[in-house]
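Each remark here refers to the structure printed beneath this line.
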Amino acid sequence: MNNKIATDFKKNIFRRPDSRSAHTIKQETKPLKVGIIGLGKMGLLRSRYIMEQKDLELQDICDINSERASIFPDLRFYNDFRRLIDSDLDIVFVCAYNNIAPEIVIQAINSGKHVFCEKPPGRCIEDIEKIIEAERSHPNLKIKFGFNHRYHYAVIEAKSMVDSGKFGKILWMRGVYGKCGGIQFENSWRNNSEIAGGGILLDQGIHMLDLFRYFCGDFKEVQSLVTTSFWNIPVEDNAFAILRNDKNQVALIHSSATQWKHRFTLEICLEDGYININGLLSSTRSYGDETLTFARRQFEDESFAFGKPREETIFFDRDDSWSIEINEFVESIRKKKPIQCGNTNDALKVMQLIEEIYLNGQMK
């Protein structure tokens with residue numbers, strides 16, 4: 001972590017939470033004690049929202065870089081994740097590299113800790129199957145994976161509209177999730193096949209595939225092309241796939257590291273209309289404004305402008321997805337409720353899709 005990131009983080013982490021975006025549940029007992037393993041970008045981001053959650057107390061942190069202990073001078077710091085897992089904690093947040101995250105999750109579960117783990121849930125299906133095996137041995141513990149896109153307000157609104165049936169059933173979906181790479185892109189650990197396990201599809205496209213499943217359930221048929229088109233990396237920089245389920249609903253995804261302009265688009269076409277999500281609120285705002293545009297189907301007997309139905313657009317100016325996601329996790333623990341989104345079944349199913357796309361696409 002460079003000095004600028006550390007300085008900016010310290011300025012923001014201890015600020016007074018905005019009551020409009022701090023999602024908390026009623027505190028029933030003492031706060032749950034939390035440890036974070038991995039203090040990279042995601043570990044620091046998660047720590048901010050953990051500290052805003054009144055029912056959580058951040059107690060321990062762990063990173064292989066000892067210099068990061070200075071970010072949290074009042075917390076216990078470990079270089080070895082095993083020591084953190086063995087400490088007196090209720091929850092472990094795993095924000096480590098893909099190649100080590102599954103092992104940490106399993107050890108934490110076997111040590112009696114609830115676990116929140118960043119996506120991807122592993123590098124392969126076998127990683128998830130081992131996690132599920134540990135989960136079965138500890139049915140009272142909760143495991144949740146970080147698929148925060150489900151908690152963006154545009155997605156929440158779109159899901160509500162789809163579930164209401166006002167536009168009929170979904171016919172097809174089309175999703176584009178792309179970023180521009182950057183000067184240091186080729187040197188990123190995310191493009192190291194041994195550490196990451198995959199490229200842009202596993203790193204970013206996994207969110208779009210999770211949303212496909214969120215709206216349409218499981219897909220049985222996969223056709224794909226996976227390529228390394230531009231970057232000098234051992235993993236894919238573009239993935240194209242067409243998916244179909246047993247209800248004949250089709251979803252198309254393009255996951256790209258050669259978009260050159262950050263882009264997020266999810267189009268949902270239904271029997272009687274359409275819902276389009278464009279843009280995605282992020283810390284950099286590089287994906288543009290987050291909007292949801294919808295319209296009812298109109299043929300020439302209903303409209304003076306054929307093929308141009310009357311549209312409505314909703315704009316969203318806050319991203320509370322991180323806090324909503326953590327709040328749901330805490331509520332599941334406190335109220336002993338099943339994890340609804342980002343559970344081990346979601347992790348397994350999306351990893352099965354990714355493996356099918358890789359195998360079918362035969363990266364060249």
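Between Glu300 and Ser164, the FRET efficiency estimated from the beta carbon spacing at R0 = 22 angstrom works out to 0.25. Of the residues Leu270, Leu243, the one with the fewest other Cβ atoms within 10 Å heads the list, and the complete ranking is Leu270, Leu243. Radius of gyration (Cα atoms) of the range 67-185, expressed as a multiple of 2.2 N^0.38 Å: 1.39. Across the range 265-277, rounded Karplus estimates of 3J(HN,Hα) from the backbone phi angles (6.51 cos²θ - 1.76 cosθ + 1.60, θ = phi - 60°) give 9, 10, 9, 10, 9, 10, 4, 10, x, 8, 9, 10, 9 Hz, Gly and Pro being marked x. Computed 3J(HN,Hα) for the range 66-75, one whole-Hz value per residue from the Karplus formula 6.51 cos²θ - 1.76 cosθ + 1.60 where θ = phi - 60°, is 5, 5, 6, 4, 5, 5, 10, x, 9, 10, glycine and proline marked x.
Projected over all directions and averaged, the alpha-carbon convex hull of the range 149-229 occupies 7.2 nm².
The angle separating the long axis of helix 206-216 from the principal Cα axis of greatest extent in the chain is about 60 degrees. Spatially, the range 77-100 and the range 139-166 are offset by 27 Å when compared through their Cα centroids.
For the set Lys113/Lys142; Lys54/Lys335; Lys144/Lys337; Lys41/Lys337, the pairs lying more than 19 angstrom apart at their alpha carbons are Lys41/Lys337.
In whole Å and largest first, what semi-axes does the C-alpha gyration tensor of the range 163-276 yield when each eigenvalue is scaled by 5 and square-rooted?
On the way: eigenvalues 175, 40, 22 Å².
Equivalent-ellipsoid dimensions as semi-axes: 30, 14, 10 Å.
Taken over the C-alpha atoms, the range 87-155 has Rg and Dmax values of 12.3, 39 angstrom. For the range 287-364, the alpha carbon positions stretch 54, 42, 26 Å along the principal axes, listed from largest to smallest.
Over all distinct alpha-carbon pairs, what is the Kirkwood Rh of the range 58-112 in angstrom?
11.6
Dividing the mean sequence gap of close Cα pairs (under 8 Å, 6+ apart) by how many residues the range 68-184 holds gives a relative contact order of 18 percent. Taking the three principal axes of the alpha carbon atoms in the chain, the coordinate ranges are 69, 48, 44 Å, sorted in descending order. If you average the alpha carbon positions of the range 35-52 and of the range 300-356, how far apart do those two centres end up, in angstrom? If you average the Cα positions of each part, the centres end up 22 Å apart.
Mean residue ellipticity at 222 nm, helices only, the chain: -9000 deg cm²/dmol; runs of at least 4 DSSP H residues each add -39,500 (n - 2.57), and the sum is divided by the number of residues. In vacuo Debye scattering of the range 213-308, one point per C-alpha: log10 I(q)/I(0) at q = 0.12 Å⁻¹? Listed by q, the Debye log ratios stand at -0.58.
If you take every DSSP beta bridge fully contained in the chain, what fraction is antiparallel? Give it as a percent rounded to 5.
Details: 40 of 68 bridges.
For the chain, the DSSP antiparallel bridge percentage is about 60.
The shape of the range 310-353 can be summarised by an equivalent ellipsoid whose semi-axes, obtained from the alpha carbon gyration tensor, come to 27, 19, 9 Å from longest to shortest. With contacts taken as Cα pairs under 8 Å at a separation of at least 6 residues, the chain carries a relative contact order of 17 percent. Could you list, in their original order, any pairs among Lys33/Lys179; Lys308/Lys349; Lys247/Lys336; Lys247/Lys349 whose Cα atoms are separated by more than 29 Å? Going by Cα-Cα distance, Lys33/Lys179; Lys308/Lys349; Lys247/Lys336 fall outside the 29 Å limit. Ordering Phe212, Phe93 from the fewest to the most neighbouring beta carbons within 10 Å gives Phe212, Phe93. Our summary gives the range 210-322 a relative contact order of 14 percent, counting only alpha carbon pairs under 8 angstrom and 6 or more residues apart. In this structure, the amide hydrogen of Gly199, modeled 1.01 Å from its nitrogen in the peptide plane, lies closer than 5 angstrom to those of Glu236, counting only residues at least 5 positions away or on a different chain.
Extending 7 Å from the Cα toward the beta-carbon at both Thr284 and Gln362 defines two label points whose distance is 3.5 nm. Ordering of 159-168, 196-205 by packing is 196-205, 159-168, highest average first (other Cβ atoms within 10 Å, averaged per residue). Each listed q (0.17, 0.27, 0.30 Å⁻¹) maps to a log10 I(q)/I(0) for the range 197-253 from the Debye sum over equal C-alpha point scatterers, namely -0.57, -1.08, -1.21.
Centre-to-centre separation between the Cα atoms of the range 120-138 and those of the range 201-259: 22 Å.
Relative to the longest principal axis of the chain, what angle (0 to 90°, nearest 10) does the C-alpha long axis of helix 3-13 take? Here the helix axis deviates by roughly 90 degrees. Residue ranges 76-86, 53-63 sort as 53-63, 76-86 when ordered by packing (mean number of other C-beta atoms within 10 Å per residue, highest first).
Any read-out appearing in this document is the output of simple, stated calculations on the displayed coordinates, not a laboratory observation. Predicted model, so just to flag it, every value in this text is computed and none were measured. Positions of Cβ are backbone-derived with ideal geometry, glycine not excepted, and every protein chain shown enters the neighbour counts.
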